[in-house]
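Before any comments, here is the structure.
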Amino acid sequence: CFDAHDPLRLARFWAGVLGREAVDDSHGVPTLLPNDDTGFRIRFLPTREEKSGQNQMHFDLTSTSLDGQQQVVARALGIGARHI
């Protein structure tokens with residue numbers, strides 16, 4: 001689970017990057033459904049708390065080729081990511 005000030009926006013962003021479907025779970029929490037046989041869901045929980053340190057979790061994205069990497073980066077930039 002990831003805490004977020006705007007969980008729906010964050011879920012939509014990561015759904016676009018990861019190629020997953022974003023839905024609300026039975027509690028109305030934005031959730032990314034698995035798109036393969038891993039079976040795990042990614043949930044984005046609302047919070048009002050300010051960030052107080054480094055992120056405890058993050059995604060390490062990999063690709064099978066340079067072209068694949070460039071496509072993922074272009075897709076992410078196209079939906080609001082930025083280079084850091």
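Things to note:
- Residue in the range 56-73 that is among the charged types (D, E, K, R) and touching a strand residue (DSSP E or B) at 6+ places or on another chain (Cβ under 9 Å) present: no
- Filter pass, Phe2 being surrounded by 13 or more Cβ atoms within 10 Å (Cβ to Cβ) and at pLDDT below 90: yes
- Residues in the range 55-71 that are in contact (Cβ under 8 Å) with a residue 12 or more places away in the chain and either of a type in the set (Ser, Thr, Tyr) or farther than 19 Å from Arg9 by Cα (or both): Leu61 only.
- Neighbours by Cβ (under 7 Å, 6+ apart or cross-chain): first from the range 15-40, outside any loop (DSSP other than H, G, I, E, B) and surrounded by 17 or more Cβ atoms within 10 Å (Cβ to Cβ); second at pLDDT 90 or above and among the aromatic types (Phe, Trp, Tyr): Pro30/Phe44; Leu32/Trp14
- Within the range 41-54, the set of residues being touching a residue at least 12 places away in the same chain (Cβ under 8 Å) and exposed (fewer than 10 other Cβ atoms within 10 Å of the Cβ) comprises Arg48, Glu49.
- For the range 55-77, the candidate set comprises residues that are loosely packed, with under 10 Cβ neighbours inside 10 Å and farther than 12 Å from Leu18 by Cα; within that set, the residue that is modelled with the lowest pLDDT is Asn55.
- Condition check for Ala74: of a type in the set (A, V, I, L, M, F, W, C) and free of Cβ contacts under 8 Å to residues at least 40 places away in the same chain: yes
The values are calculated or read from the model by the stated rules, or taken from the named source; none is laboratory data. These numbers were taken from a predicted model, which means no experiment stands behind them. Using ideal geometry, Cβ is built from the backbone for each residue, glycine included, and neighbour counts are taken over all protein chains shown.
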